[in-house]
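A quick write-up on the structure given underneath.
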Amino acid sequence: MIGKAVLAIVIAVVVGIVLTALLGPILISVNVPIAEVIGKFFKEWGFVIGVLAGLWYFFAGGGFTWPSRTP
């Protein structure tokens with residue numbers, strides 16, 4: 001349970017950083033009006049989306065398993 005909570009926090013932080021520091025500025029710099037609007041949204045609300053992603057991972061199970069190859 002604690003491991004799942006820690007992983008959910010890591011997911012929330014990573015999603016927030018990727019949206020606010022990477023994807024948002026990239027979309028703003030494209031100079032396409034709709035991309036700029038989406039980029040500004042990601043830059044402003046990226047950490048909120050990250051927290052929601054972390055909560056979703058924690059409460060929805062979110063376990064990752066590799067597909068098994070059974071003959």
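Derivation of every value follows stated rules applied to the coordinates shown; laboratory data play no part. No experiment lies behind these values; they were computed from the predicted model shown. FYI the Cβ positions are ideal-geometry reconstructions off the backbone, even for glycines, and counts take in every protein chain you see.
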**Item:** Residue list for the stretch 26-63, filter: of a type in the set (Ser, Thr, Tyr) and closer than 24 Å to residue 6 by Cα
**Value:** 57
**Prompt:** How many residues, within the stretch 1-44, are more than 29 Å from residue 60 (Cα to Cα) and either touching a residue at least 24 places away in the same chain (Cβ under 8 Å) or assigned to a helix (DSSP H, G or I) (or both)?
**Reply:** 10
**Request:** Answer yes or no: is there a residue in the stretch 10-22 that is buried (at least 17 other Cβ atoms within 10 Å of the Cβ), within 11 Å of the chain's Cα centre (by Cα) and among the small types (Gly, Ala, Ser).
**Result:** yes
